[in-house]
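A.B. asks: Mind having a look at this structure? Questions to follow.
The values are calculated or read from the model by the stated rules, or taken from the named source; none is laboratory data. Note that the structure is predicted; figures quoted are calculated from it, not measured. Counting neighbours? That spans all protein chains shown, and the Cβs are built from the backbone with ideal geometry, glycine included. Ligands, DNA and RNA are excluded from the accessible area calculation, which covers all protein heavy atoms including side chains. Shrake-Rupley method; radii C 1.70, N 1.55, O 1.52, S 1.80 Å.
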Amino acid sequence: MRHLVGLLALLCPVGLGAADLESIGIVGDSVSTGALTGKGFTATSGALVGHTVRGHLEMAAPFATPGNTPVYDAYADPAAFNIRRPIWPPTRLWMSHGEPPDVSRSTGSDRLRTMIIDTEQYSWGYLLGRKLGVLPRHIYLAARHGSGARNLQYQFAALQMRAPAMPAVLPGHQPELVLVMMNLYETCDFPAGLEQDPHYRRAFLDTYAQEFLGGFVTALEQIAPHPKGTAIVVLSPVNLLQTSRRDDLLDRRVRYEDAEVTCRDIRSGELRPLRWMGRDLFDMSNICRGVLGIPWHAGERLDAIESLAREMADIQRRVTLELAAHPPEGTRIAFIEETASIRFEAEDFVDDCWHPSLRGAEKIARTTHKALEEKGIMSTLTPPAAPPGRASRP
């Protein structure tokens, strides 16, 4: 009987009211993919995978550790996010047609690395989609590691590509709700020592504004909205620089090799890189060198990069609001600022002291859900009519 009840719950998910959606798409970077959230990740040389990007070896959980298998009891409140066993994954989307190789990070090796280190069911977009009553397979995750403004149009294109695993959206259309969170990946490539150079900063910001506007406009020109309309909501980047500024976050203790260190130790730039067979292989600051390469005690440099991040976030806001004033037919565009004000706690980050943990993702999902409701965005989206006599599947 218990198994029958569980099967019925799986086949007939509980709806969440008039604002239920049939499909949702997520555009973004590694903050949106559930990166390193699985329990298998630790900063040890045994956790290195030989995949190189721009000359840097990147971190992943060991092949032998099923760290990215979601665990029901890991959720703080599974019922609040409509999480039920088995925890089915979202639909993961990759490179779109015509995407330049220098923009795409969806090579075969990158996909393998992503499969190892991402737990998509712990991502904020998955949690939000489930909270809104969307079936897991209709949550389309186009977000990819290392994505910036130049990736916008290609991730929208990926959402529109009609793969066999995307039955909820008619061919050639976007989901009903698309959420965009670009967490300023461009700052990771900011040259050390130029944070306070006014001329370089101005040129950097001008380039970013052009790329964000260009990517967004190109996406809007190429996409086709859902037959019932598509709402595109841009979320302000979350403040990851908290991890370099607040004592309670810097003093958090994590495992590093065979020792216990603090995030302050990692941010000091003095820890020896992870080693393998006598060679230095990975420096934790390589995750985002333009930011994490700045020691926690270099106050003026951190002030400068934090100011730069605020200006970039404001560019996102201004561009989004300008486009929202005259959206393409069948679309609605909105901007949510509340995500920028999220105050994270120590448990809200994984052990690299940078990426949000499951707790951090839950916080982002709750903040976004509340803002969607308060701005009335959900009230404009109508629920799909269920086909008669047909049960819903995950």
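A.B. asks: Looking only at residues that are open to solvent by 10 Å² or more (accessible area, probe 1.4 Å) and among the small types (G, A, S) in segment 154-165, which one is modelled with the highest pLDDT?
C.D. replies: A157
Conditions tested, residue by residue: (1) charged (D, E, K, R); (2) open to solvent by 10 Å² or more (accessible area, probe 1.4 Å); (3) modelled with pLDDT of 90 or more.
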| position | (1), (2), (3) |
| --- | --- |
| G129 | no, no, yes |
| G133 | no, yes, yes |
| G146 | no, yes, no |
| L152 | no, no, yes |
| P167 | no, yes, no |
| P171 | no, yes, no |
| Q174 | no, no, yes |
| M181 | no, no, yes |
| Y185 | no, yes, yes |
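A.B. asks: Are any residues in segment 224-256 farther than 30 Å from E322 by Cα and surrounded by 16 or more Cβ atoms within 10 Å (Cβ to Cβ), and if so, which ones?
C.D. replies: Listed by number, the residues that qualify are T243, S244, R246, L249, L250, R252, V254, Y256.
A.B. asks: Say we look at segment 68-86 and pick out the residues that are of a type in the set (V, I, T) and at pLDDT below 95; which of these is nearest to E362 (Cα to Cα)?
C.D. replies: The selected residue is V71.
A.B. asks: Shifting gears a bit: From the set of residues in segment 224-255 that are out of contact with any Ser or Thr (no Cβ under 9 Å at 6 or more places or on another chain) and part of a helix (DSSP H, G or I), which is farthest from G376 (Cα to Cα)?
C.D. replies: D247
A.B. asks: Which residues, taken from segment 195-212, are surrounded by 14 or more Cβ atoms within 10 Å (Cβ to Cβ), modelled with pLDDT of 90 or more and more than 28 Å from S23 (Cα to Cα)?
C.D. replies: Y200, R201, F204, L205, Y208, A209
A.B. asks: Here is a further query. Please count how many residues of segment 341-359 are open to solvent by 10 Å² or more (accessible area, probe 1.4 Å), under 22 Å from N286 (Cα atoms) and acidic (D, E).
C.D. replies: Result for segment 341-359: 1.
A.B. asks: Across segment 282-297, what is the number of residues that are over 22 Å from the mean Cα position of the chain (by Cα), open to solvent by less than 10 Å² (accessible area, probe 1.4 Å) and either closer than 12 Å to W354 by Cα or at pLDDT below 90 (or both)?
C.D. replies: Of the residues in segment 282-297, 1 are over 22 Å from the mean Cα position of the chain (by Cα), open to solvent by less than 10 Å² (accessible area, probe 1.4 Å) and either closer than 12 Å to W354 by Cα or at pLDDT below 90 (or both).
A.B. asks: Go through segment 344-364 and give me each residue that's in a strand (DSSP E or B) and under 11 Å from the mean Cα position of the chain (by Cα).
C.D. replies: The answer is P356, and nothing else.
A.B. asks: From the list A313, A298, which one is hydrophobic (A, V, I, L, M, F, W, C) and free of Cβ contacts under 8 Å to residues at least 40 places away in the same chain?
C.D. replies: A298
A.B. asks: Among (1) open to solvent by 50 Å² or more (accessible area, probe 1.4 Å); (2) under 25 Å from E345 (Cβ atoms); (3) among the basic types (K, R); (4) in contact (Cβ under 8 Å) with a residue 40 or more places away in the chain, where does R267 come up short?
C.D. replies: So the condition that R267 fails would be (1).
A.B. asks: Looking at (1) over 28 Å from I305 (Cα atoms); (2) modelled with pLDDT under 90; (3) assigned to a loop (DSSP other than H, G, I, E, B), which is the only condition G269 fails?
C.D. replies: Of the numbered conditions (1) over 28 Å from I305 (Cα atoms); (2) modelled with pLDDT under 90; (3) assigned to a loop (DSSP other than H, G, I, E, B), the odd one out for G269 is (1).
A.B. asks: Among the candidates E221, E195, single out the residue that is assigned to a helix (DSSP H, G or I) and of a type in the set (D, E, K, R).
C.D. replies: Among E221, E195, only E221 is assigned to a helix (DSSP H, G or I) and of a type in the set (D, E, K, R).
A.B. asks: Considering L235, L249, which residue is of a type in the set (A, V, I, L, M, F, W, C), in contact with a Cys (Cβ under 8 Å, 6 or more places away or on another chain) and either at pLDDT below 95 or farther than 22 Å from F190 by Cα (or both)?
C.D. replies: The match here is L249.
A.B. asks: Quick one: is E374 at pLDDT below 95 and open to solvent by 70 Å² or more (accessible area, probe 1.4 Å)?
C.D. replies: Against the criterion (at pLDDT below 95 and open to solvent by 70 Å² or more (accessible area, probe 1.4 Å)), E374 qualifies.
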